[in-house]
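Step one of this worksheet: look at the structure below.
The values are calculated or read from the model by the stated rules, or taken from the named source; none is laboratory data. Fair warning: this is a prediction, and the values are worked out from it, not measured in the lab. Every residue, glycine as well, gets a Cβ built from its backbone with ideal geometry; the counts of neighbours run over all protein chains shown. Ligands, DNA and RNA are excluded from the accessible area calculation, which covers all protein heavy atoms including side chains. Shrake-Rupley method; radii C 1.70, N 1.55, O 1.52, S 1.80 Å.
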Amino acid sequence: MLSQVESHLRSDRFPHIWCPGCGNGIVLSALVRAIEELGYDPDKTVVVSGIGCSSRAAGYLDFNTLHTTHGRALAFATGIKLARPELDVFVLMGDGDATAIGGNHFIHAARRNIDLTAIIFNNSIYGMTGGQYSPLTPPGKRATTAPYGNIERSFDIAELAKGAGATYVARATTYHATMLEKLIVAGARNKGFSVIEAITACPVGYGRRNKMGNGLQMLLWQKEQAVTVKQAEKMSPEELQDKIIIGELYRGEAPEYTAMYEEIIARTKGKNQ
Amino acid sequence: MSDVVEMARLMQGNEAVVEGALAAGVRFFAGYPITPSTEIAELMAERLPGLGGKFIQMEDEIASMAAVIGASLAGVKALTATSGPGFSLKQENIGYAAMAEIPCVIVNVQRWGPSTGIPTAPAQGDVMQARWGTHGDHPVIVLCPASVREAYMLAIRAVNLSEKYRVPVILLMDEVIGHMRERVILPRAGEVEVIERKKPAVEPKDYYPYRPGDDGVPPMANFGDGYRYHVTGLVHDEKGNPTTDPQVAENLILRLHRKIYDHLDDVITVEGYQLEDAEVVVVAYGAVARSAKRAVKDARAAGIKAGLFRPVTIWPFPEKEVAELARQARAVIVAEMNLGQLKGEVERAVQGRVRVTGVNRLNGELITFDEILSAIKEVTTDAQSG
Ligand SMILES: Cc1ncc(C[n+]2csc(CCOP(=O)(O)OP(=O)(O)O)c2C)c(N)n1
Ligand code: SF4
Ligand SMILES: [Mg+2]
């Protein structure tokens with residue numbers, strides 16, 4: 001299995017840029033295993049990313065990879081997918097990338113239900129710029145720009161995606177890497193906009209400041225906090241406070257955008273010249 | 001190619017842009033509505049699917065620019081259209097296209113600014129934004145039509161230049177040209193030259209996506225064609241991999257410039273009218289050039305040796321051509337609907353050898369021929385008495 005993973009990596013690009021204990025590599029390898037399992041043709045597989053520590057993952061992958069501008073990955077990916085619907089497109093984003101500067105593109109990609117598989121590396125912080133609070137930093141937590149504690153409420157990415165129209169929504173943590181891989185596979189198979197939130201550790205920009213320990217301790221924290229969808233069904237809202245619900249959270253039915261556009265082409269082709 | 005309009009017909013400038021772009025092979029449009037460019041989006045929405053192309057109205061101009069780059073990278077010629085405020089929003093991603101060398105065309109039908117200004121009034125206030133709008137030292141090509149027919153021809157040329165040099169090309173219109181209707185006879189199908197991006201001639205394993213050919217332009221593989229490679233806005237080596245090596249950074253930015261500036265003869269086009277013996281040269285572009293032409297005619301009728309110099313490519317600025325004019329002219333007048341954006345470039349080119357005066361107007365109305373004519377007469381009297 002390891003060698004299959006390696007075959008999809010640009011090994012000449014290592015060592016990677018991530019800090020010791022960073023969870024980004026775990027998400028990256030879950031993605032590679034998922035693509036292997038999906039059996040996608042690497043020549044037809046596209047990985048688009050934004051800007052942030054997590055978005056550097058694209059550069060390590062031996063597919064058609066596009067490292068774009070901060071927050072805009074989904075908009076670039078929309079152009080690729082609409083221009084060439086036969087390509088399988090994954091979009092990697094940080095939590096700030098996807099929900100702050102890129103929040104508008106996120107809800108509109110979901111609304112269109114365009115067939116992209118979005119993976120959000122949620123480390124609750126702006127990692128790359130050194131630990132400023134993001135829309136996913138929980139209230140009360142500290143960041144360089146929230147030295148007295150964050151007073152903003154955070155988004156629930158899954159609820160946001162669902163509310164905006166995504167047809168597949170799931171969440172896992174880097175502690176649950178195998179589950180993460182399975183969810184990516186299922187998301188990719190969904191013909192529509194799929195969102196997989198990956199809870200991942202940024203020990204350097206977030207954990208240290210919030211006394212959560214090193215990367216390993218943060219992984220164990222993920223294990224402690226996580227409850228599966230099944231377990232969560234039996235728990236009260238109070239019990240679920242501060243818990244991370246993992247697994248497949250939502251599936252919906254809606255027409256897919258590029259398929260709808262192909263129908264317009266079929267109706268108008270050759271006419272209206 | 002039955003998809004190219006052939007007949008003489010009454011056409012609006014914005015419509016001409018659409019037809020020109022389609023004739024050049026554009027099959028993808030992403031945009032966001034804004035006056036006075038909206039007709040371009042509307043017509044693209046109507047025309048593209050019938051040609052097997054794609055139209056999408058994105059959530060904003062930032063996204064439109066991004067989608068256009070994505071589509072182009074996937075191998076489909078792509079264009080977006082906007083006006084002032086939207087042009088500002090596109091800038092970061094225009095810089096991305098310049099850096100990653102993704103062909104694309106941006107139409108900016110200029111309106112009065114800054115800010116929301118007067119949405120329906122013409123202006124030429126984006127001359128500098130078109131050149132320097134994104135951060136960093138980036139090359140860009142900017143073309144400026146002065147008639148409906150030229151809007152058609154330059155739309156084709158913009159697409160061709162972007163494919164040939166892998167550079168964002170800006171078609172800088174103004175509200176007058178965008179909304180004006182003229183009777184035009186367009187070239188027949190097959191009469192227009194259509195340029196396609198250079199494809200790699202090597203096997204995927206030997207492909208260096210950013211290794212230039214002799215012309216400074218690297219052959220471009222489309223995503224999905226079997227050449228798997230990395231594209232980034234970070235400084236990158238010939239493999240496309242990010243690096244902060246100062247030498248690589250410098251080589252890259254110099255090459256990006258060289259690939260345009262080594263081909264100025266190909267990139268720059270200008271038009272001259274009655275320049276041969278002109279003592280007073282009017283420099284004007286876009287809609288203002290129409291008023292200027294009439295002013296030159298009238299000045300000639302009054303016995304003044306006036307001429308018109310019209311840069312069609314305004315960036316790179318035709319410095320050599322303007323410097324040449326300064327050898328023969330006694331006075332240069334730059335007429336533009338701003339407070340002197342191109343005048344500064346003209347002054348730079350003539351290096352003080354001749355006096356440069358501006359005819360400027362910023363009230364949302366087109367500069368008239370008599371304003372330019374008075375300026376011509378004024379500098380003539382000045383020259384005679386001085
Ligand atoms: C337009 C723009 N604004 C700001 C930045 C600076 N910037 C780079 S990455 C980043 C935040 C990254 O946080 P996130 O998206 O959560 O990714 P992470 O680094 O945590 O993986 C910011 C603000 C930028 N590159 N571009
Ligand atoms: S700053 Fe945080 S997210 Fe970025 S590489 Fe380091 S640990 Fe990972
Ligand atoms: Mg983050």
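Before moving on, here are some points about what is shown:
- Within straight-line cross-link reach of B:Lys293, lysines at Cα separation under 20 Å, skipping those fewer than 8 residues along the same chain: B:Lys305, B:Lys343, B:Lys377
- In chain B, the DSSP-assigned H stretches of four residues or longer account for a calculated mean residue ellipticity at 222 nm of -12000 deg cm²/dmol, using -39500 (n - 2.57) per stretch and the full residue count as denominator.
- Counting Cβ atoms of other protein chains within 10 Å of each Cβ in B:69-80 and taking the mean gives 6.
- What chain B shows is 36 Å² of accessible area per residue, with the surface traced by a 1.4 Å probe over protein heavy atoms.
- Residue-averaged [θ]222 nm for chain A, counting only DSSP H segments that reach four residues, each worth -39500 (n - 2.57): -10000 deg cm²/dmol
- Three-way shape label, segment B:336-383, alpha-carbon gyration tensor, a/c 1.5: oblate
- Nearest-ten-degree value, helix A:103-112 long axis tilted from longest Cα axis of chain A: 40 degrees
- DSSP beta bridge pairing in chain A, given as percent antiparallel to the nearest 5: 20 percent
- Near A:Val229: Cβ cut-off under 11 Å, other residues only, Lys/Arg at +1 and Asp/Glu at -1. The net charge is +1.
- Beta bridge orientation in segment B:8-185: antiparallel %, DSSP, nearest 5: 25 percent
- Cα long-axis angle, helix A:257-268 against chain A (0 to 90 degrees, to the nearest 10): 10 degrees
- Interface residues, segment B:220-255 - accessible area loss of 50 Å² or more versus chain alone, probe 1.4 Å: B:Phe223, B:Gly224, B:Arg228, B:His230, B:Asn241
- Cα-based values for the protein assembly as shown, radius of gyration first and Dmax second, are 27.5, 97 Å.
- The value of relative contact order for segment B:272-385, using C-alpha pairs under 8 Å at least six residues apart, is 31 percent.
- Net charge contributed by nearby residues that have their C-beta within less than 12 Å of B:Ala121 (K/R +1, D/E -1): -1
- The portion of the accessible surface of the protein assembly as shown made up by carbon and sulfur, rounded to a whole percent, is 52 (1.4 Å probe; DNA, RNA and ligands excluded).
- Segment B:272-385: C-alpha gyration tensor shape, a/c 1.5 cut-off, then a/b vs b/c: rounded
- Remark: mean inter-chain Cβ contacts per residue of B:51-63 equal 6, using a 10 Å Cβ-Cβ cutoff to other protein chain atoms.
- Accessible surface buried upon B-A contact (total; probe 1.4 Å; Å², nearest 100): 3600 Å²
- When DSSP beta bridges are restricted to pairs lying wholly in the protein assembly as shown, around 25% turn out antiparallel.
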